[in-house]
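The values are calculated or read from the model by the stated rules, or taken from the named source; none is laboratory data. If you're wondering where the values come from, they're calculated on a predicted model, not measured in any experiment. FYI the Cβ positions are ideal-geometry reconstructions off the backbone, even for glycines, and counts take in every protein chain you see.
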Amino acid sequence: MAQLFLRRAGLFTILFLWTATTILSAAEKTAGTLTVHDSLTALNQPATIEAMLTGKSLLTEIGLGGEPIQLLVAGNVVATAMTGGDGRAFLSYTPKAKGTVPFTVRVGDTPRVGVAEAGANLAVWEHRSPIMAVEMVSLMEDALGQGPTVTWPWKDAEGRRPMPDAADELGKLTQFYYNVLYVVTRDKAGGTYDQVNAQARQWLKNQKFPVGHILVLPSDPKALGAKLDEMHAAGWKTLKIGVGRTKAFAEAFLQRRLEAVIVPEPAKGEVPRKAKVAKEWKEVRKKM
């Protein structure tokens, strides 16, 4: 009887320790944050999706290295990679059809980091298709700012109303002809590039604008020009027109002998020479 009791007690102890170890192991997983932004590639050309996995260390965010990351398209895993020491992972995917490809990145099977995932879009365009760039604030009512650029109005972005007819007119321009590149100037206090990207995408979706590629830039007047040069060097030579609200946006195009349309009509003295002006979005197509 005593031996049976001891055997049962030993079994109970083993089960208790195993359960406690399992619970402790689960509790010790780091709460990771996974971020990703929109990407652009050409048809049948490999795209590199960059994901960032971070975790909290005291009062700062640090990159989590050595963790598996999966890329999912239509619910299927199409690529895997490991994060480097800075928490970044680079996943390669070659699309076989043009259009917009929603994708998800997530943390794979690991004992160290909890479940985390994030989503974005991959724009798949042909190099020969015309591209128009649209400054995000030109789509919004009363999107005012200081200085040469107008940054995204994060504090009240969700309630910001679109310019009259902007969604309909842009829909007509993109339905059969243009691919649209939405240009967002990031406020330094407005969040990370990935957060800005996600919030801009949600606003466009809520206001029923056509799907496009979102480009987030720093609040530097030279940033757009540098990006235009980079895209041209990468083969995107059909990006020839920009529709914006600010003088700096228009000048970035005009300085490269590209077309620029400003909407709505700005204050006197804010129209660069050779820029076209549309009083409202209904006039934009006539200026192109």
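Surrounded by fewer than 19 Cβ atoms within 10 Å (Cβ to Cβ), of a type in the set (Ser, Thr, Tyr), farther than 30 Å from residue 160 by Cα and within 20 Å of the chain's Cα centre (by Cα), is that true of residue 92?
Criteria met by residue 92.
Please verify whether residue 214 is in contact (Cβ under 8 Å) with a residue 12 or more places away in the chain and more than 19 Å from residue 122 (Cβ to Cβ), treating the condition exactly as stated.
no
Which residues, taken from the stretch 210-233, are more than 19 Å from the chain's Cα centre (by Cα), more than 24 Å from residue 170 (Cβ to Cβ) and of a type in the set (Gly, Ala, Ser)? Explain how you work it out, then say what you get.
Taking the stretch 210-233 and keeping what is more than 19 Å from the chain's Cα centre (by Cα), we get 221-222, 225, 229, 232-233.
Filter once more, keeping what is more than 24 Å from residue 170 (Cβ to Cβ): 221-222, 229, 233.
Within the stretch 210-233, 233 is the sole residue that qualifies.
Filter the stretch 198-250 down to residues that are closer than 25 Å to residue 118 by Cβ and β-branched (Val, Ile, Thr) and give me whichever is surrounded by the most Cβ atoms within 10 Å (Cβ to Cβ).
Step by step, filter the stretch 198-250, then rank; the result is 214.
Tell me which residues, restricted to the stretch 182-196, are crowded, with 22+ Cβ neighbours inside 10 Å and either of a type in the set (Gly, Ala, Ser) or modelled with pLDDT of 85 or more (or both).
182, 183, 184, 185
Hey, which of the helices (runs of 4 or more DSSP H) in the stretch 180-288, taking only ones fully inside, have at least 1 residues that are among the β-branched types (Val, Ile, Thr)?
In the stretch 180-288, the matching helices (runs of 4 or more DSSP H) lie at 193-206.
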